[in-house]
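Asker: Here it is, the structure in full.
The values are calculated or read from the model by the stated rules, or taken from the named source; none is laboratory data. Please read all numbers here as calculations on a predicted model, not as lab measurements. Positions of Cβ are backbone-derived with ideal geometry, glycine not excepted, and every protein chain shown enters the neighbour counts.
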Amino acid sequence: MPVAKPESCDSRVIAHIDMDCFYVQVEQRKQPQLRGLPTAVVQYNEWKGGALIAVSYEARKFGVKRSMRGEEAKEVCPQIHLVQVPVARGKADLNGYRNAGSEVMSILARRGRCERASIDEVYLDLTDAAETMLAEAPPQHLEAIDEEALKSHILGLNNEDGSDVKEIVRNWIHRCHADHRDKLLACGILIVAELRMQVLKETEFTCSAGIAHNKMLAKLASGMNKPAQQTVVPFSSVQGLLNSLPIRKMKQLGGKLGMSLQIDMGVNTVGDLLQFSEEKLQERYGLNTGTWLWNIARGINGEAVEGRLLPKSHGSGKTFPGPRALKTVSAVQHWLNQLCEELSERLCSDLEQNKRIAHTLTLHARAYKSSDSDSEKKFPSKSCPLRYGTAKIQEDAFNLFQAGLREYIGLYGVKSQGSHYSRWGITSLSVSASKIVPIPSGTCSIVKYFHWQSSSHFSSIQSAENLRMDATHLSPPGNESYSEVGLPEPKIHFPGEDSWIEDTTPGLGLQEQKINVWKDEDLSCSPSKKKVDGFTEDTSPLLLSGTQGCLEQNQNKQQREFSKDESRFKSEYREQKGTRLKNKGTSSILKFFKSCNPSGTSLSQEHDRTVQGTDAQLTNGAGFQSSCHNLAELNEVEVAKENGTSSHSYIRDQDEWRREAWSYNINEIDPSVIDELPMEIQDEIQAWLRPRKRPNNIVQRGINHD
Ligand code: TTP
């Protein structure tokens, strides 16, 4: 999150690696005959040839752009090859691209801390590797410098006199009187060039890179010379780069904040910000945003490379634009089922491969109401504890949707303009799983984990049973008009999300033992009935009397169900896995180099000949908070029966269950997953991620970065 942070250390070496026309490269690896040809990947929707989502650099030379549809691209480049994005469950299947991104990442991570920023972007902290190189084999003593490194672009180096660019780069790398920071960058040049060649050899993909002292500058640089090239930002060039950089090109400044800076403050380039004091910027845009602006004008960015190879969340979404908007609850349920199936498959794969479990399920949607004065109202995002197993995720997501819809249309139904009820439509739907943690180990966490699993299981069963009634009420009958639902305002106290953590149940030692067995030996998602059943039986001595006993009895029942579900979930997964196609690249790198590049020059040299072709809201987090709701709310409202007079109450008996308060923590959203959600939902989430006003207590002023 772009919170103003001081430069932690100005001698870092940070690289931003961005794959070139990534989806196209993945498709070209599958169909090598397309290599070097104008190619584009088109969306699943075939209207007018489908929207282009990735365009090869060969096609860009003809003027083909991502904003075009297939038919338009054919007009400007008749020979273009259009490849449709793979499809599964009636929507784009990004698994192949995701896995290809992981292949690249595993190579890049060999030399330093690595953070996956999106499906095809990675940040690397190469400081340690560069320091080591400087100590052991300093670049100034290297006789031969790799060709790929010599092709680097070093910002601020001028070759107007027509001198050999490679010679200029060689001299820059060899400078023995350079300051320490530039020497480190010289090492970065060599390391990144080597890594990029390794990526090419092992995956057949080309990528571009930016190398600088912080993430912001590295990201700016990586897109400057594409494809298959790298750009370096020495300290001495930072201000020159920013002075001429249009404000809207800066990450986070493409939206309202950028617009306000232009219109209200007359700021057109990042450098123009230098004329304002930090206080002035804070006064106008709030403490945190003001400081952040003050920092970026000086190239200051203390964000650390997170060291995260695995996503913080998983998401699956689909848009339903225009006439395809979903207008019935059953249509929504159908698509939710598809999305949840995909999500469940990915969760299972994460569990199997990385031994991680997700704890929170969230539903996001975009909707409209046809006859509503409150047209600005957003469909509320809803979260609940995540239960594993496709059917459960589907059920819970559907419940969340119903809760969201109920809130969206108004608690008592929307009766507008005489006797007409409001119609609604869903234009975008997505589910995500977050709060992903390694399977807990050790007594405390296992107990908490299962206590949590069982309680969430119980509450969801209850809510599901009762909310099923809602579906009838919420489904627009026949002509899609809306029937009135009487829902009283829920009154509920939501304590902290972690309250259950304190609530450890005594006597779970045996469970813990068995779970550890499962954890250590049974992570392949193969069913192990014996162990699971054994675990279930072991829990029986826990039966107690009174309220606590009743609670635990319920827990045991739920744990048994959980175990069965787990077993069914595993066998479901095996089936899914059996049918999954595996798209592997061709195996022989030598073959690749021979066939694609018989001259022995690198692909990037070939690319040298090709043509080059955030809305920072002044938010105080209100948007985020308004999207935080919880499933407990569903369990406590009274739902009118069909006759509209009597009501059925399903307020939960046990106060314990009330302690679960589920809200969505924005920090749990992985930026790489946001990219996979429908655009409208991305916009919404991005708005939450914008710089927030915070007390300015972390900024060290007066650091000299010039
Ligand atoms: P980008 O990195 O933005 O673009 P790119 O890799 O295709 O091309 P470039 O060389 O200019 O970086 O996006 C990475 C992939 O994400 C892209 O190949 C396709 C997908 N994508 C979409 O599906 N929809 C979009 O709107 C964008 C921007 C990307």
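Asker: Scan 131, 115, 136 and give me the residue that is charged (D, E, K, R) and over 21 Å from residue 304 (Cβ atoms).
Answerer: From the options 131, 115, 136, the qualifying one is 136.
Asker: List the strands (runs of 3 or more DSSP E) that sit entirely inside the range 50-118 and contain at least 2 residues that are modelled with pLDDT of 95 or more and either over 27 Å from the mean Cα position of the chain (by Cα) or within 14 Å of the ligand (Cβ to nearest atom) (or both).
Answerer: Output list reads 52-55, 81-84.
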